[in-house]
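The values are calculated or read from the model by the stated rules, or taken from the named source; none is laboratory data. Quick caveat, the model's predicted, so the values are computed rather than measured. Please note: Cβ atoms are built from the backbone with ideal geometry, for glycine as well, and neighbour counts cover all protein chains shown. When the accessible area is computed, the model is the full protein with side chains, heavy atoms only, and any ligands, DNA or RNA have been set aside. Shrake-Rupley method; radii C 1.70, N 1.55, O 1.52, S 1.80 Å.
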Amino acid sequence: MSKTSPRHFLDLDVLDAKTLRAIVDAAHAMKKSGKHVPAKMLPKAIADAILCMIFEKPSTRTRVSFDVAMRQLGGQTIMLNHTDLQLGRGESIADTARVLSRYVDAIMLRVNSHETLDEFATHSTVPVINGLTDITHPCQIMADIMTFEETRGPIGGRSVAWVGDGNNVAASWMHAAVKFDFDLRIACPPSLRPSAAIEKWVRRNKGRLLITESAEEAVSGVDCVVTDTWVSMGDEDADRRKQLLKPYAVDDALMKKAGKDAIFMHCLPAYRGNEVTNDVIEGPQSVVFDEAENRLHAQKAILAWCLGA
Ligand code: CP
Ligand code: NVA
């Protein structure tokens, strides 16, 4: 068992800003170097490392981009649905974490409940990576910061509007606003506001955050407009959400109120005709497929950091 505590990548609020900046910078450099990242940019340990991935929810991007990232870095992967494990029959999270830590070098989890992630990380002796929970999605936002920067330059001091559900992806944007020092404006209906605890954390850390019911107010002059599905995995009130969120659809008229050079981001999967119109997501301001590609590069940098000396 390792004596030093593992480098978990659980959430942006618990990592220092310098580390997060270094990871994004490494991701930019790794993207430039193409498929084969030079060995000098990687920790030695990665060459024969094994990443185990456990999914309690579906995934396209996270699943494939982590798998490809690990392989291109010289490591290997094991992919499991939670029902493949004894976890599905009641073995404890703590025991599962302790056992898997004896076999593999890092573990990525996509879980229904954030508590599962925390419990797993408490007992794991190898790095644990958050591949989405009900509360946050930090790997996505690392790719999003990278995407903003490669199209519009450094994100520090710039402005981002989140329009729609105050969900898990919004929560990681809130963490990022503090860590990467940009203005974040969230437009949402009152009953779908982001977590009050995370809002408090942002205010305590002097983040520049506006939460409003008005999509127009949020996007006015911003550098980037972001949205996400109105019905996240695990949400059981789809009809109510679709009703509540109708005024928050991102369409051409709303994009016109953003800054002249504003980009449009969406973590995908997207539901055209709900949270975004086809015209916007397929339009010239949309960078959603760069964003999806950047999951690969950002996660290479996250893996290198987690497995670093
Ligand atoms: N954006 C994202 O995490 O996509 P998947 O659910 O397909 O992994
Ligand atoms: N908010 C969405 C993100 C999917 C990547 C969900 O949790 O389903």
**Asked** Would segment 270-284 turn up any residue that is of a type in the set (S, T, N, Q) and touching a strand residue (DSSP E or B) at 6+ places or on another chain (Cβ under 8 Å)?
**Response** yes
**Prompt:** Which one of these is open to solvent by less than 10 Å² (accessible area, probe 1.4 Å), within 11 Å of ligand 2 (Cβ to nearest atom) and of a type outside the set (Ser, Thr, Tyr): Ala161, Ala171?
**Reply:** Ala171
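Keeping to segment 118-146, report how many residues are among the hydroxyl-bearing types (Ser, Thr, Tyr), without any contact (Cβ under 8 Å) to a residue 60 or more places away in the chain and either away from ligand 1 (no atom under 16 Å from the Cβ) or assigned to a helix (DSSP H, G or I) (or both).
1
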**Request:** Output the residue which, of all residues in segment 204-253 that are of a type outside the set (A, V, I, L, M, F, W, C), within 16 Å of ligand 1 (Cβ to nearest atom) and assigned to a loop (DSSP other than H, G, I, E, B), is surrounded by the most Cβ atoms within 10 Å (Cβ to Cβ).
**Result:** Asp228
**Request:** Select from segment 17-60 the residues that are within 16 Å of ligand 2 (Cβ to nearest atom) and crowded, with 19+ Cβ neighbours inside 10 Å and write down the one among them that is nearest to Ile129 (Cα to Cα).
**Result:** Met53
**Message:** Within segment 182-196, take every residue that is in a loop (DSSP other than H, G, I, E, B) and touching a residue at least 40 places away in the same chain (Cβ under 8 Å) and give me the one that is surrounded by the most Cβ atoms within 10 Å (Cβ to Cβ).
**Reply:** Cys188
**Request:** From Arg63, Arg98, Arg89, grab the single residue that is within 18 Å of Gly234 (Cβ to Cβ) and either among the charged types (D, E, K, R) or away from ligand 2 (no atom under 16 Å from the Cβ) (or both).
**Result:** Arg63
**Residue list for segment 254-307, filter: out of contact with any helix residue (DSSP H, G or I) (no Cβ under 8 Å at 6 or more places or on another chain), in a loop (DSSP other than H, G, I, E, B) and open to solvent by less than 50 Å² (accessible area, probe 1.4 Å)** = Gly259
**Residue among Glu199, Glu149 that is away from ligand 2 (no atom under 13 Å from the Cβ), in contact (Cβ under 8 Å) with a residue 12 or more places away in the chain and either touching a strand residue (DSSP E or B) at 6+ places or on another chain (Cβ under 9 Å) or β-branched (Val, Ile, Thr) (or both)** = Glu199
**Asked** Which ones in segment 109-137 are within 12 Å of ligand 2 (Cβ to nearest atom), of a type in the set (S, T, N, Q) and open to solvent by 10 Å² or more (accessible area, probe 1.4 Å)?
**Response** Asn112
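Would you confirm whether or not segment 139-158 contains a residue that is under 19 Å from Asn274 (Cα atoms) and aliphatic (A, V, I, L, M)?
Within segment 139-158 (the criterion being under 19 Å from Asn274 (Cα atoms) and aliphatic (A, V, I, L, M)), the answer is no, since none of the residues qualifies.
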**Prompt:** What is the number of the single condition among (1) of a type in the set (Ser, Thr, Tyr); (2) under 20 Å from the mean Cα position of the chain (by Cα); (3) at pLDDT below 95 that Ser65 does not meet?
**Reply:** (3)
**Request:** Starting from segment 65-91, take each residue that is of a type in the set (Asp, Glu) and list its partners that are within 16 Å of ligand 2 (Cβ to nearest atom), counting only C-beta distances under 9 angstrom and pairs at least six apart or across chains.
**Result:** Asp67/Met53
**Request:** Determine whether segment 13-33 contains at least one residue that is modelled with pLDDT of 95 or more, touching a strand residue (DSSP E or B) at 6+ places or on another chain (Cβ under 8 Å) and either within 30 Å of Ser232 (Cα to Cα) or within 16 Å of ligand 1 (Cβ to nearest atom) (or both).
**Result:** yes
